[in-house]
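Below you'll find the structure, written out as structure tokens, and then a few comments.
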Amino acid sequence: MNWQPTKLSEFLTERDGRIKYESANQLGLQRIKKIDFSGNIHLDAETDTKTDMIRVKSGDLVISGINAAKGAIAVHAEDDDVLATIHYSAYEFNPDRISVDFLKWFFKSSEFSDLLREQIPGGIKTELKPKHILPLKVKLPKLSEQITVAERLNRFRLEQLKLEHEITHQQSLLAKLKQAILQEAIQGKLTADWRAAHPDVEPASHLLHRIQAEKARLIAAKKLRPEKPLPKITPAEIPFEIPKGWEWCRLGDLCRKVTDGFHNTPPKAEKGFPYIAATHVKSDGIDWANAYRVDEKNHRELHSKTEPQKGEILVVNIGAGSGCPAIIDVDFEFSFKNTAILKFNQELLSNRHIFNYLRHIQPENYARLTRGANQPFLSLKVIKEFVFPLPPLAEQAAIVERVEALMKTCRALEAEIEHARTHAAHLLQAVLKEAFAPAAA
């Protein structure tokens, strides 16, 4: 193969001129909103800007300084000029010397990133600019071969997109399977055979009575504040039939206390007690590694409101993660914000079973909370009034065991799907490396 060393400036010429935003606003031109990774330009209607812009003419090659390596390169094919922020660069180019598709694929390759490291002193700090692109000396084949290489890579990409679509479909099916497992768990379908083998187990009505009696004793001893009784469950609220020996109840009736942390953010400290926000609360665990720190004075004030204990459950109640539960898995002191806490007797209730119930209803709750335009907010009143199908204590343990066994299988499937996705990405880089091997030689 005869690939010749060529400076990109031999067939790319930068469009001159940064336009001050005051002048740009007077031009009445549309703006480039983004270039997607398939190389399509998306325009915004003319809007005022407070940043300097560049002018892009019809037929110009436009390169995103931030996402060029992901495919954000395109030719502006419309007749009218448009504007773009200075995070883009625009070039006149010689179509007899370079295939834009070839160039796009080349920018995605490791060979291109290797050239940047070799030829740009100090490397690329933030984004790819004309001063980085134009002096680069790359090895290029003749135009006909560029087109052949680009067509071959485009065909491969179509096949890869089919594979990615199938991987996404498999992930969707797996998510539905997990929800189906949780649904069958809270309906008692996973443990029908267990109940048949344990006909004399204590019914949930007795368990509920013991929970309520304990709560009454704590109130009488002034260790809990008395609360207004929760409304009775109406037939319309009952979503499905539960097995004999189970009881419908309100989640608040099972908890000693349902409360939340402060909503204001305390000053962060370099050292001190852990302090978590809603973003740290995830269904696969609490992100302690990235927890904030607060000094002892602020910690004492925050901690005294909730006194979180190991095994209790946090539920995000403000923002994008609203409804997401996590079991407290540590026994050191910490505090939190924008999150509710369920405090209950862990000898009478399985925290894993309650957690699985909250995971199951989370998507439905989040969809309901985001129907309006306001920030999602899951109030303590709503959490307390969740309708909960209560199994006997022994059956709760059996349900948790079966859910965990099934979820273990799901995690294995998830790992296989993620491996397929990673393999597809690596395969693309391998194909690119092969395609541009002469450029690296």
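The values are calculated or read from the model by the stated rules, or taken from the named source; none is laboratory data. Bear in mind that the values here come from a model prediction, so they are computed numbers and not experimental data. FYI the Cβ positions are ideal-geometry reconstructions off the backbone, even for glycines, and counts take in every protein chain you see.
Within the set of pairs 6 or more residues apart or between chains, which connect a residue that is farther than 13 Å from K104 by Cβ and of a type in the set (K, R) inside the range 134-161 to a residue that is surrounded by 15 or more Cβ atoms within 10 Å (Cβ to Cβ) and at pLDDT 95 or above with Cβ atoms less than 8 Å apart?
As it stands, the answer is none, since no pair meets every condition given.
Test of understanding: among I32, I98, I66, which residue is under 28 Å from the mean Cα position of the chain (by Cα), part of a loop (DSSP other than H, G, I, E, B) and closer than 30 Å to R152 by Cα?
I66
Name every residue in the range 162-197 that is in contact (Cβ under 8 Å) with a residue 40 or more places away in the chain, among the hydrophobic types (A, V, I, L, M, F, W, C) and either in contact with a Leu (Cβ under 7 Å, 6 or more places away or on another chain) or within 30 Å of A430 (Cβ to Cβ) (or both), in order of residue number.
L163, I167, L174, I181
When both residues are 6+ apart or on different chains and their Cβ atoms are under 6 Å apart, which pairs have a first residue that lies in the range 46-67 and is surrounded by fewer than 19 Cβ atoms within 10 Å (Cβ to Cβ), and a second that is among the β-branched types (V, I, T) and assigned to a strand (DSSP E or B)?
Sorted first by the residue in the range 46-67, then by its partner, the pairs are T51/T85.
Residue-wise test of (1) assigned to a strand (DSSP E or B); (2) touching a helix residue (DSSP H, G or I) at 6+ places or on another chain (Cβ under 9 Å); (3) not basic (K, R).
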site: R55; (1), (2), (3): yes, yes, no
site: D80; (1), (2), (3): no, no, yes
site: A84; (1), (2), (3): yes, no, yes
site: S113; (1), (2), (3): no, yes, yes
site: L128; (1), (2), (3): no, yes, yes
site: H132; (1), (2), (3): no, yes, yes
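Have a look at E202, E184 and point out the one that is part of a loop (DSSP other than H, G, I, E, B) and either surrounded by fewer than 14 Cβ atoms within 10 Å (Cβ to Cβ) or not hydrophobic (A, V, I, L, M, F, W, C) (or both).
Numbers: E184 fails: part of a loop (DSSP other than H, G, I, E, B).
From the options E202, E184, the qualifying one is E202.
Going through the range 59-86 one residue at a time, which ones are more than 30 Å from L427 (Cα to Cα) and of a type outside the set (A, V, I, L, M, F, W, C)?
Step one: filter the range 59-86 for residues more than 30 Å from L427 (Cα to Cα), giving 59-60, 76-86.
Of everything in the range 59-86, those that are more than 30 Å from L427 (Cα to Cα) and of a type outside the set (A, V, I, L, M, F, W, C) turn out to be G59, D60, H76, E78, D79, D80, D81, T85.
Condition first: of a type in the set (A, V, I, L, M), in contact with a His (Cβ under 9 Å, 6 or more places away or on another chain), surrounded by 14 or more Cβ atoms within 10 Å (Cβ to Cβ) and in the same structural domain as I354 (by TED's automatic domain parsing). Can you find one or more residues in the range 270-291 that meet it?
yes
Sort out which residues of the range 219-245 are more than 36 Å from the chain's Cα centre (by Cα), under 29 Å from D193 (Cα atoms) and surrounded by 14 or more Cβ atoms within 10 Å (Cβ to Cβ), and write them in order of number.
P243, G245
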